[in-house]
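The values are calculated or read from the model by the stated rules, or taken from the named source; none is laboratory data. Source: prediction; values computed, not measured. Cβ coordinates were reconstructed from backbone atoms using ideal geometry, including for glycine residues, and neighbour counts include every protein chain displayed. Areas reflect the complete protein model, heavy atoms only, side chains present, ligands, DNA and RNA absent. Shrake-Rupley method; radii C 1.70, N 1.55, O 1.52, S 1.80 Å.
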Amino acid sequence: MGDRWYSEAVVYCLDIDTYADSDGDGVGDIRGLIGRLDYLARLGVTCLWLHPIHPSPNRDDGYDATDFYNVDPRFGTLGDFAELLHQAQNRGIRVIIDLVVNHTSDEHPWFQSARSSPDSPYRDWFVWSDTEPADRHQGMVFPGEQDETWSYDRTAKAWFYHRFYKFQPDLNFANPKVRAEIKKIMSFWLQLGVAGFRMDAVPFIIELTEPGNPNSPKDFEFLTELRQHVQWRRGDAVLLAEANVEPDQLPTFFGDAGGSGNRIHMLFDFMLNGRLMLALARQDPESLIEGLRDTPKLPVGGQWATFLRNHDEIDLSRLTTEQRNQVYAQFGPDEDMRIYDRGIRRRLAPMLGNDRRRVELAYALQFSLRGTPVLRYGEEIGMGEDLSLPGREAIRTPMQWSYQPNAGFSTADPEKLVRPVIDKGDFGYQTVNVTAQRGDPKSLLAWFERMIRTLREAPEIGSGSTTHIDVPVPAGVLAHRADGPTGTMVFLHNLGTDDVEVDLSTLEKEADLPIDVLADRGYGELGKLGAVKLTGHGYRWIRLCRSQPF
Ligand code: NOJ
């Protein structure tokens, strides 16, 4: 693996509280996760992204911290966390953590102090207005669940700003003391051994909020400062940011206008996520071809993080209304499956009708597109959602390990579980679980293991350049390639249902001894590239040539 390890990483994200419970209290914990590291190593992931680990009243699944220098006591101790880092490192797995510093919980001692008096040393750590700001009802992130971004606090006798829920007051990044504190928090965790941070809500961190101005100025230099700071403390640490903004704004998050890549290393590709969902819904790769063509050029070291599912809703807000409706029609036909007027609160397997061919196709596609793939826990076994749970909790149910009670997640009484396990229907743990799939070489889990191993043998996917192969292909087929110092990979994905043949003879002169390294079935020897067969919903990853010997 090259120096920029994150370019060739396979990231796996999980909530500690729903992953594995070691002490039977119904809540997943760090020791439980340590016990599952061998599973993760076997799966082939190289980096864990842990959702918020800090103490929290948990009104937004931990994205509301009360202490940035500790772990939630429900998960264990800092000692357990250090042990996790050690054990992960032993298995070649890096750990990054969610850094949620746009806001705190309103129960955080800083906010409690700030609201108590205008003279509090923490008063200026938050964003206040003495009068009701004119933009009070603008800029909400959770429409339907949030109706204002400025709320009046009776104790403080002032209005405070909160981009997210009311119980998440925004920190004031215009205050140098806040900036210094954020750097201290990062230093603390780097010193403990984390490999970097998934930075929450980055477009809002750099906002210099002015009451009444819904378009407050942004200070991108703060990102440059954070990057420098992190790099001095740990040279190979990575910043992976959530910045769900218009595509033309993305380059500024990677680096300044000089193109130096001096800010965020990796950004989640929300645009691609929407396009992937659209392509799958339409069974037509056109939106992906546009995506490959329109991708902004990244500075050296800049990288995309691709995903099909994360812990939130599938955000379709960057699609047109017509496109969004097409995705809804296929994947979120019931009102109950949708959320915030923009997204879908379901997992991938149920959205694809639990059709194994389509699930494989979707993940083969995601993992072959440019960038570093991010996989959400449970997707590797095809878990489903529980729509009876509120909001995004539908896709945050406990990991399904086995046939044992509570899916082997916990030995607690079911009513004590942090969230109920899915125990009914096609996605119940009796049917979908790790133990069952481990024993079956044809399982989805076995497929994921194979696919991830194959990806790791093809570093050009993460580190090289990815382009659409512009040759005539049958409807529904995407042909793309990845070129890097190690050679060239060619990919065919058939989003349509018909069996087809693809003419790739223009690539013949570049081909060494082309071979399928991953495919939906055994297609036999590849031979000439003039008539490459592809079944409906089939895919073929072809190694065209290798410029470095094994
Ligand atoms: C983005 C996180 O992904 C989401 O889960 C959370 O609710 C908000 N940021 C607020 O922290």
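Annotation: of all residues in segment 182-201 being touching a residue at least 12 places away in the same chain (Cβ under 8 Å) and charged (D, E, K, R), the one that is nearest to the ligand (Cβ to nearest atom) is Asp200. Taken as a whole, segment 38-52 holds at least one residue that is closer than 23 Å to Phe111 by Cβ and either open to solvent by less than 30 Å² (accessible area, probe 1.4 Å) or not β-branched (Val, Ile, Thr) (or both). Return yes when Asp512 is farther than 27 Å from Asp355 by Cβ and either part of a loop (DSSP other than H, G, I, E, B) or in contact with a strand residue (DSSP E or B) (Cβ under 8 Å, 6 or more places away or on another chain) (or both) and no when it is not. It is true that Asp512 is farther than 27 Å from Asp355 by Cβ and either part of a loop (DSSP other than H, G, I, E, B) or in contact with a strand residue (DSSP E or B) (Cβ under 8 Å, 6 or more places away or on another chain) (or both). In segment 399-501, counting only strands (runs of 3 or more DSSP E) that sit wholly within it, the ones holding 3 or more residues that are among the hydrophobic types (A, V, I, L, M, F, W, C) and either open to solvent by less than 10 Å² (accessible area, probe 1.4 Å) or within 26 Å of Phe307 (Cβ to Cβ) (or both) span 477-484, 487-494.
Results for (1) farther than 19 Å from Ala475 by Cβ; (2) within 16 Å of the ligand (Cβ to nearest atom); (3) surrounded by fewer than 17 Cβ atoms within 10 Å (Cβ to Cβ); (4) hydrophobic (A, V, I, L, M, F, W, C), shown as yes or no for each residue.
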residue	(1), (2), (3), (4)
Arg282	no, no, no, no
Pro285	no, no, no, no
Glu290	no, no, yes, no
Ala305	yes, yes, no, yes
Ser317	yes, yes, yes, no
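Selection within segment 207-248: residues that are of a type in the set (Lys, Arg) and touching a residue at least 24 places away in the same chain (Cβ under 8 Å). The member of this set that is most open to solvent (accessible area, probe 1.4 Å) is Arg233. For Phe204, the criteria (1) open to solvent by 40 Å² or more (accessible area, probe 1.4 Å); (2) closer than 24 Å to Glu246 by Cβ; (3) within 14 Å of the ligand (Cβ to nearest atom); (4) part of a loop (DSSP other than H, G, I, E, B) hold in every case but one, which is (4).
Please identify the pairs in which a residue from segment 439-456 that is touching a residue at least 24 places away in the same chain (Cβ under 8 Å) has its Cβ atom under 7 Å from the Cβ atom of a residue that is of a type in the set (Gly, Ala, Ser), counting only partners at least 6 apart or on another chain. Matching pairs, first to second residue: Leu444/Gly382; Glu449/Gly44; Met451/Ala364; Ile452/Gly44; Arg453/Gly44; Arg456/Gly44. Within segment 46-55, not a single residue is polar (S, T, N, Q) and within 16 Å of the ligand (Cβ to nearest atom).
Okay, residues lined up against (1) more than 30 Å from Asp498 (Cβ to Cβ); (2) at pLDDT 95 or above; (3) part of a loop (DSSP other than H, G, I, E, B); (4) not assigned by TED's automatic domain parsing to the domain that holds His493:
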{"residue": "Thr224", "(1), (2), (3), (4)": "yes, yes, no, yes"}
{"residue": "Gln249", "(1), (2), (3), (4)": "yes, no, no, yes"}
{"residue": "Asp256", "(1), (2), (3), (4)": "yes, no, yes, yes"}
{"residue": "Asp284", "(1), (2), (3), (4)": "no, yes, yes, yes"}
{"residue": "Ser287", "(1), (2), (3), (4)": "no, yes, no, yes"}
{"residue": "Gly291", "(1), (2), (3), (4)": "no, no, no, yes"}
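In segment 321-328 there is no residue that is outside any helix (DSSP H, G or I) and open to solvent by less than 70 Å² (accessible area, probe 1.4 Å). Pairs are defined by a Cβ separation below 7 Å, a sequence spacing of at least 6 or placement on different chains, a first member in segment 375-398 that is buried (at least 19 other Cβ atoms within 10 Å of the Cβ), and a second member that is assigned to a loop (DSSP other than H, G, I, E, B) and among the aromatic types (Phe, Trp, Tyr); the pairs so defined are Tyr377/Tyr19; Pro398/Phe409. Residues of segment 231-247 being away from the ligand (no atom under 16 Å from the Cβ) and within 21 Å of the chain's Cα centre (by Cα), which ones? Within segment 231-247, Asp236, Ala237, Val238, Glu246, Pro247 meet the criteria. In the set (1) open to solvent by 20 Å² or more (accessible area, probe 1.4 Å); (2) more than 24 Å from Glu460 (Cα to Cα); (3) touching a residue at least 60 places away in the same chain (Cβ under 8 Å); (4) more than 16 Å from the ligand (Cβ to nearest atom), the condition left unmet by Thr252 is number (3).
Within segment 137-196, the set of residues being open to solvent by 30 Å² or more (accessible area, probe 1.4 Å), touching a strand residue (DSSP E or B) at 6+ places or on another chain (Cβ under 7 Å) and among the basic types (Lys, Arg) comprises just one member, Lys166. The condition of being more than 21 Å from Gly464 (Cβ to Cβ), of a type outside the set (A, V, I, L, M, F, W, C) and open to solvent by less than 10 Å² (accessible area, probe 1.4 Å) holds for Asn273. Of the set (1) within 22 Å of Leu492 (Cα to Cα); (2) within 24 Å of the chain's Cα centre (by Cα); (3) not hydroxyl-bearing (Ser, Thr, Tyr), all apply to Val477 but (2).
Please work out if Ser22 is within 16 Å of the ligand (Cβ to nearest atom), assigned to a loop (DSSP other than H, G, I, E, B) and either open to solvent by 10 Å² or more (accessible area, probe 1.4 Å) or free of Cβ contacts under 8 Å to residues at least 24 places away in the same chain (or both). Considered against the rule, which asks whether it is within 16 Å of the ligand (Cβ to nearest atom), assigned to a loop (DSSP other than H, G, I, E, B) and either open to solvent by 10 Å² or more (accessible area, probe 1.4 Å) or free of Cβ contacts under 8 Å to residues at least 24 places away in the same chain (or both), Ser22 comes out as no. Quick check on my filter: what residues within segment 502-550 are open to solvent by 70 Å² or more (accessible area, probe 1.4 Å) and of a type in the set (Phe, Trp, Tyr)? If the condition is that a residue be open to solvent by 70 Å² or more (accessible area, probe 1.4 Å) and of a type in the set (Phe, Trp, Tyr), then Phe550 is the only one that fits.
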